[in-house]
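Everything below concerns the one structure shown next.
The values are calculated or read from the model by the stated rules, or taken from the named source; none is laboratory data. Keep in mind it's a predicted model, so treat the numbers as computed, not measured. A quick note on method: Cβ atoms are made from the backbone with ideal geometry, for glycine too, and the neighbour counts reach across all protein chains shown. Areas reflect the complete protein model, heavy atoms only, side chains present, ligands, DNA and RNA absent. Shrake-Rupley method; radii C 1.70, N 1.55, O 1.52, S 1.80 Å.
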Amino acid sequence: MYANKIEALEDSLRNFFQVELQAQLSRNNVEILGMLKSNRFSLSNRGVSDNYENLGSCEATDPPAFMVGLDVPLKELKRWLFTDGESRIVVSAPGGCGKTTLAKRLCHDQQVKEYFQHIFYVTVSKTFNLIGIIKKLFWHNDEQVPSFQNEEDAVNQLELMLKKKVESGRILLVLDDVWSGSETVLAKFKKISGYKVLVTSRNEFPDFGSTYHLKLLNEEDAKTLFRHSAIPEDGSGSSMPSEDLVNTIVRCCKGFPLALEVVGRSLHGQPVEIWRSTLMKLSEGQSIVNSEDELRNCLQSSLDALDDEDIMLKECFMDLGSFPEDQKIPATALIDMWAELHKLDKDGIYSISNLHKLCSRNLLNLVVTRNDANEIDECYNDAFVIQHDLLRDLAIYQSNQEPIEKRKRLIVDLTGNRLPEWWTKEKQPQLSARLVSISTDEMFSSSWCNMELPEAEVLILNFNHTEKKYELPEFMKQMDELKVLVVTNYGFCTAELTNFSVLGSLSNLKRIRLEQVSIPTLCNTSIELKNLEKLSLVMCHKIGRAFASSTIQIPEMLPNLREINIDYCNDLVELPEGFCDLVQLNKLSIGNCHKLSSLPEGIGKLTNLEVLRVSACTLVSKLPDSMGSLHKLRFLDITGCLRIRKMPKQIGELRSLREFHMRRCPGLRELPPSVTDLVDLKRVICDEETAQLWECFTHLLPDLNLLVPEEIINLNWL
């Protein structure tokens with residue numbers, strides 16, 4: 001009788017796992033694909049194509065939760081857009097007036113979404129790339145991205161694509177942050193008919209379309225916005241300012257929303273004396289007539305407040321001008337910079353704290369694309385900084401107030417091959433900058449002039465090229481004090497990094513961060529980075545080949561390397577075996593490498609490893625048995641490794657393990673009995689199903705805390 005019952009149970013279980021569960025998984029996959037499709041993400045191009053890694057989405061991000069003074073402009077713009085005769089509108093106003101906020105709110109308005117079935121939102125910026133913009137529109141529309149012969153060809157193919165698209169509904173294209181000098185771009189879009197265009201700009205373009213002048217906030221709305229930023233809701237604070245003082249400061253902000261928010265946050269919870277000193281600083285610039293100078297004066301008062309409170313906070317704010325406008329700044333790049341430049345901690349705790357402080361003053365926006373991004377040993381790979389153009393301009397303006405010889409920061413934005421006059425002189429000024437940032441556009445030929453930077457400790461190279469190669473400047477050989485190198489490709493195609501041999505002369509180099517480049521070779525006899533401590537490779541190509549083709553052993557080239565971060569490197573199939581001989585390595589983080597199938601068995605030789613992160617590597621099916629030799633390992637993360645079915649039996653030998661992240665591991669079926677030997681394990685962060693596997697061992701691990709966070713559906717990480 002019992003045998004029959006057991007057989008029936010077995011049949012039932014087999015049916016469940018082989019039929020019902022598989023059907024459920026299939027339904028889940030269909031739902032995920034549907035969700036991705038609804039958010040207009042193309043899986044065929046994301047993470048698979050080598051050519052278009054960084055195109056991004058053409059959807060407007062959410063506007064701020066608290067907004068005032070936009071109801072009337074929104075209503076008027078909708079009336080214009082819903083009128084048949086009006087096809088092109090330019091929203092014009094000085095910087096900091098809320099043009100971008102208005103445009104984003106318009107894109108998310110329900111009536112607008114019902115009227116326009118297709119809404120595209122593109123940030124143009126000062127350094128625009130027309131072909132890049134059109135490629136982005138194709139990619140966002142789930143169309144195959146063509147190889148355009150020139151701008152004219154790109155516009156013609158865009159017209160064909162939009163004509164086909166308009167058959168299924170009306171189209172609205174929003175071009176945000178269009179600068180003076182972009183008339184040629186607008187003229188190209190003007191040629192295309194059958195859709196509506198909304199442009200936001202500090203300028204007017206009468207030849208392109210009708211101008212809508214966005215007005216500054218009236219006094220009532222200005223006070224509402226300022227109070228929201230400056231005065232705690234519960235009325236707490238050292239003392240409440242008088243109504244007269246509030247009104248006077250509001251009037252000094254001239255109705256600029258950005259100024260009201262930034263100045264307001266700088267006064268949040270401050271004593272009345274700070275309010276009065278801020279008013280005095282604001283009053284000093286009231287005679288300035290130019291509106292953007294007035295706005296800069298308002299923002300400057302908030303920057304001056306940082307001098308009194310935390311000089312380091314101001315230094316960090318000023319450094320943000322080193323990155324291009326309208327681009328996300330990775331928090332990890334800032335951590336690398338500030339660890340050496342300002343001697344902040346290398347794990348980034350103080351750096352992230354400073355970013356939060358600046359964010360609380362509305363001097364930047366800190367975006368974390370995963371809620372648990374910083375839970376693993378202060379790992380901030382998913383944290384980014386976004387800054388308003390005017391705040392970036394303020395940082396650069398402040399840096400440029402001193403003579404070029406005395407500047408602590410040298411920020412150079414090149415257009416084409418036009419170099420600053422001081423750079424082309426036979427006798428160049430003696431530069432003392434500690435931070436050097438050079439940004440080049442798609443017209444730059446990679447032909448570098450010499451520059452002497454004897455005191456530079458951080459070099460940031462930002463480029464946006466259509467060329468397939470980017471050459472590191474030869475003058476780097478003389479940068480004896482260089483400690484941090486950050487190279488970022490903001491273009492749409494991966495570029496090969498050449499002249500890598502210049503790094504062999506940099507004996508003090510400690511941190512390298514490369515993004516969206518391919519590396520022909522890293523290890524050869526001319527390069528020895530004996531003091532390099534951290535190597536970060538993001539969206540890089542051919543890195544496996546770069547190490548495999550080396551003429552020198554990896555440990556000889558990188559004898560003191562302590563941290564490796566590899567993220568979104570889609571052609572990484574296997575980790576170079578030489579990594580296992582880096583005996584000084586403390587942290588190894590590999591994320592979103594979807595072709596990586598396994599870790600090398602020799603990983604057990606990394607006896608000093610404290611943090612191992614293998615997250616969202618979907619083909620990894622098991623962890624090496626040699627992991628048991630990692631006796632110093634404190635943190636282990638296998639989140640998103642879908643194919644891992646079981647843990648190695650030797651996992652119980654990780655006696656120092658304190659935290660284990662294992663969310664989104666649906667294939668995991670069992671835990672070995674040796675997990676009861678993990679006596680120092682304090683936290684396991686997992687899903688409900690995985691928590692059930694642990695529960696039968698919790699009575700033997702009394703200090704273990706199982707955490708099952710709520711799953712947040714958020715596609716920002718894509």
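Table for the structure above
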| read-out | value |
| --- | --- |
| Built amide H within the under 5 Å cut-off of Asp571, gap 5+ | Lys542 |
| Linear extension gain, Trp80 paired with Phe17, 0.36 nm per residue minus alpha-carbon span | 16.9 nm |
| Ranking by accessible area, most exposed first, for Thr415, Thr184 with a 1.4 Å probe | Thr184, Thr415 |
| Listed pairs Lys135/Lys165; Lys78/Lys215; Lys75/Lys188; Lys406/Lys477; Lys343/Lys510; Lys75/Lys104 exceeding 19 Å between Cα atoms | Lys75/Lys188; Lys406/Lys477 |
| Angle in degrees between helix 331-341 and the longest Cα principal axis of the chain, rounded to the nearest 10 | 80 degrees |
| Ranked by how many other beta carbons lie within 10 Å on average, peptides 200-211, 625-636 from highest | 625-636, 200-211 |
| Of all accessible heavy-atom area on segment 597-718, the percent that carbon and sulfur account for (1.4 Å) | 49 percent |
| Residue-level accessible surface for Ile311, protein heavy atoms, 1.4 Å, Å² | 90 Å² |
| Lys, Arg +1 and Asp, Glu -1 on Cβ, resulting dipole of the chain about Cα centre, debye, nearest 20 | 860 debye |
| Relative packing of 417-428, 355-366, which averages over residues the other C-beta atoms within 10 Å, highest first | 355-366, 417-428 |
| Volume per residue that the Cα convex hull of segment 606-667 spans, once the total is divided by residue count, Å³ | 68 Å³ |
| Percent RCO, i.e. relative contact order, over segment 100-204, from Cα pairs under 8 Å lying at least 6 residues apart | 35 percent |
| Folded to 0 to 90 degrees: helix 257-267 orientation relative to the chain principal axis, Cα | 70 degrees |
| Between helix 389-399 and the chain: long-axis angle, C-alpha atoms, 0 to 90°, nearest 10 | 80 degrees |
| Solvent-accessible heavy-atom area per residue, rounded to whole Å², over the chain at 1.4 Å | 44 Å² |
| Quotient of C-alpha Rg and 2.2 N^0.38 Å, computed over segment 171-256 | 1.67 |
| Compactness index (Cα Rg / 2.2 N^0.38 Å), segment 549-681 | 1.01 |
| Residue-averaged 222 nm ellipticity for the chain, from DSSP H runs of 4+ at -39500 (n - 2.57), nearest 500 | -9500 deg cm²/dmol |
| Rg(Cα)/(2.2 N^0.38 Å) for the chain, N = residue count | 1.04 |
